[in-house]
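To start, the structure under review is shown below, and the notes come after it.
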Amino acid sequence: MALGALIGAYQEDDSGGLRALLPLAGRTLLEYQARCVAAVGAAPIVVLVERVPAALQEAFERLRGEGIQVVRVSDGNEAASRFEAGTRILHLADGIAPDIGDLNRLVEIDEPAIATLPDDEEYQGYERIDSVSRWAGIALVDAGTLGSTAAMLGDWDLQSTLLRRAVQAGARLVRLDGPGGGPLLAENADVLAGFERRLLIASRGARHDLIARYLLPFIEEFATERLMETKVRPEWLVDAALGLTLAAAFAFTRGWLWPALGMLLLSTPLDLIAARLATLRLRPLARSLWSKRALWPAAGGALIALGWWSARHGDGGWGAMIAALAAAAFAQAMRIERGGAELPFRQWLFARRTAIVAAVPFAALGWWNLLLGSLALYAAVSFFLVQHVAHRIEAD
């Protein structure tokens, strides 16, 4: 059954502006709401708004630039006309910052449902349903209920009236989690600050190597907070990481060793930051993103380029090239052997970022050939360790 969304954007905050325009994660609350409902498959996305200030129009344009189409309406009847008969409608109250997990939970229900919170002091600003429950600002209704509510609305508020009619029709009440989670009713920018921090923390991905876990978190956090307020797309950062890696490979062939290593170091946090930004914007990077998939082989190419230069100009002869090829081969074999398994010691295995940072002390001492030999040994040990564990798991 089709799923649409209706978002209220007409109530004012404490300062007299629209709640929908309160800042959140570098954009507006409305943009976050639209991304949330789009992420769970809602279309069309209808926004009920009485006036459209310039800032709101800009928010609509940014959403369209991201491929999220929104439809503006000015009253309940016009809103109802935008949905086909039988459509399920995910309704977000004005000023509600939802949790994406709660939305997923609600849309999986095959009947009208209302998300609720306990009627206690923490949720006094939320609309009361009964003596024990308050509305969490999220509901799943059908197009028929919206249409009949709009037809008899008069001077009443649409979202409150729609809630009452859904309750009277026997909509299922779904209690959400308690303090620290769930949706947030934003009445001013200060209230959203804590929610924004929660989103930032939730956007942290798994850190599978030593460098990502211990050296880059601060850089990753700082850059994410700054870039989330810009128009920078996550894919651009991954493209930049790939470009730096390819440029480093070329620099190695020319003997520009330190500039090449510098470019590789600059590339190390970019894909992590890109993943954080994509998560914050509720549009995770696709697994099929070509630049993301090309990062690993490009790094292998840079390693082989260093081996080629060392073989021709260093004192290691062709042994340097053999070491570079062996490191690349063992590293790729380890990835194939590991597959998608989550090994408890994965952070200690050979990884692109780990190899790049490990090169710094060798480079500082001018030991480029020793670096290649050490990386070959590191990759070989990682491969045999993964192979041993994988075969033991198969035997069990």
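Taking Ala42 and the conditions (1) assigned to a loop (DSSP other than H, G, I, E, B); (2) over 26 Å from the mean Cα position of the chain (by Cα); (3) among the aliphatic types (A, V, I, L, M), which numbered condition does it fall short on, given that it satisfies the others?
(2)
One line per residue, one yes/no per condition, for (1) touching a helix residue (DSSP H, G or I) at 6+ places or on another chain (Cβ under 7 Å); (2) surrounded by 18 or more Cβ atoms within 10 Å (Cβ to Cβ):
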residue	(1), (2)
Thr116	no, yes
Asp119	no, no
Val132	no, no
Ala169	yes, no
Gly194	no, no
Tyr214	no, no
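With the requirement that a residue be under 15 Å from Asp271 (Cβ atoms) and buried (at least 18 other Cβ atoms within 10 Å of the Cβ), what does region 216-231 give you?
If the condition is that a residue be under 15 Å from Asp271 (Cβ atoms) and buried (at least 18 other Cβ atoms within 10 Å of the Cβ), then Leu216, Glu220, Ala223, Thr224, Leu227 are the ones that fit.
Please go through region 136-154 and give me each residue that is part of a helix (DSSP H, G or I) and of a type in the set (Gly, Ala, Ser), ordered by number. Break it down into steps so the answer makes sense when it comes.
Residues of region 136-154 that are part of a helix (DSSP H, G or I), as a first pass: 143-151.
Those that are part of a helix (DSSP H, G or I) and of a type in the set (Gly, Ala, Ser): Ala143, Gly144, Gly147, Ser148, Ala150, Ala151.
In region 271-285, is there at least one residue being more than 19 Å from Glu66 (Cα to Cα) and surrounded by fewer than 22 Cβ atoms within 10 Å (Cβ to Cβ)?
For region 271-285, residues more than 19 Å from Glu66 (Cα to Cα) and surrounded by fewer than 22 Cβ atoms within 10 Å (Cβ to Cβ): absent.
Gln332 - would you say it is closer than 25 Å to Ala241 by Cα and in a helix (DSSP H, G or I)?
Values: closer than 25 Å to Ala241 by Cα: yes; in a helix (DSSP H, G or I): yes.
When the stated conditions are applied, Gln332 passes them.
Which residues, counting only those in region 42-71, are in contact with a helix residue (DSSP H, G or I) (Cβ under 7 Å, 6 or more places away or on another chain) and either exposed (fewer than 13 other Cβ atoms within 10 Å of the Cβ) or not β-branched (Val, Ile, Thr) (or both)?
Hits for region 42-71 are Leu48, Ala55, Leu56, Ala59, Arg62, Leu63.
Looking at Asp94, Asp102, can you tell me which residue is under 26 Å from Ala151 (Cβ atoms), of a type outside the set (Val, Ile, Thr) and either within 27 Å of the chain's Cα centre (by Cα) or surrounded by fewer than 16 Cβ atoms within 10 Å (Cβ to Cβ) (or both)? Step through it out loud before you land on a result.
On the way: Asp102 fails: under 26 Å from Ala151 (Cβ atoms).
On inspection, the qualifying residue turns out to be Asp94.
Has region 371-389 got at least one residue that is in contact (Cβ under 8 Å) with a residue 60 or more places away in the chain and either of a type in the set (Gly, Ala, Ser) or on the phi > 0 side of the Ramachandran plot (or both)?
No; the residues of region 371-389 include none that is in contact (Cβ under 8 Å) with a residue 60 or more places away in the chain and either of a type in the set (Gly, Ala, Ser) or on the phi > 0 side of the Ramachandran plot (or both).
Condition (residue is more than 18 Å from the chain's Cα centre (by Cα), touching a residue at least 12 places away in the same chain (Cβ under 8 Å) and surrounded by 17 or more Cβ atoms within 10 Å (Cβ to Cβ)) applied to region 232-240: is it met by at least one residue?
The initial filter retains those residues of region 232-240 that are more than 18 Å from the chain's Cα centre (by Cα), namely 240.
Of the ones still in play, those that are also touching a residue at least 12 places away in the same chain (Cβ under 8 Å) are 240.
Those left that are additionally surrounded by 17 or more Cβ atoms within 10 Å (Cβ to Cβ): 240.
Yes; the residues of region 232-240 include at least one that is more than 18 Å from the chain's Cα centre (by Cα), touching a residue at least 12 places away in the same chain (Cβ under 8 Å) and surrounded by 17 or more Cβ atoms within 10 Å (Cβ to Cβ).
Would you point out the residue of region 134-164, among those that are hydrophobic (A, V, I, L, M, F, W, C) and free of Cβ contacts under 8 Å to residues at least 24 places away in the same chain, that is surrounded by the most Cβ atoms within 10 Å (Cβ to Cβ)? If you could, list the steps in order and put the result at the bottom.
Taking region 134-164 first, the residues hydrophobic (A, V, I, L, M, F, W, C) are 135-136, 138-141, 143, 146, 150-153, 156, 158, 162-163.
So of that shortlist, the ones also free of Cβ contacts under 8 Å to residues at least 24 places away in the same chain come out as 152, 156.
Details: Met152: 10, Trp156: 13.
Result: Trp156.
Counting only residues that are among the charged types (D, E, K, R) and more than 39 Å from the chain's Cα centre (by Cα), which one in region 286-327 is surrounded by the most Cβ atoms within 10 Å (Cβ to Cβ)?
Kept after step one, since they are among the charged types (D, E, K, R), are these residues of region 286-327: 287, 292-293, 312, 315.
Retained after the next criterion (residues that are more than 39 Å from the chain's Cα centre (by Cα)): 312, 315.
On the way: Arg312: 13, Asp315: 9.
Among those that are among the charged types (D, E, K, R) and more than 39 Å from the chain's Cα centre (by Cα), it is Arg312.
FYI, it's all coordinate maths here, none of it is from the lab. Given the structure is predicted, the values throughout are model-derived calculations rather than measurements. Methodologically, a virtual Cβ is constructed for each residue, glycine included, from the backbone with ideal geometry; neighbour enumeration extends over all protein chains shown.
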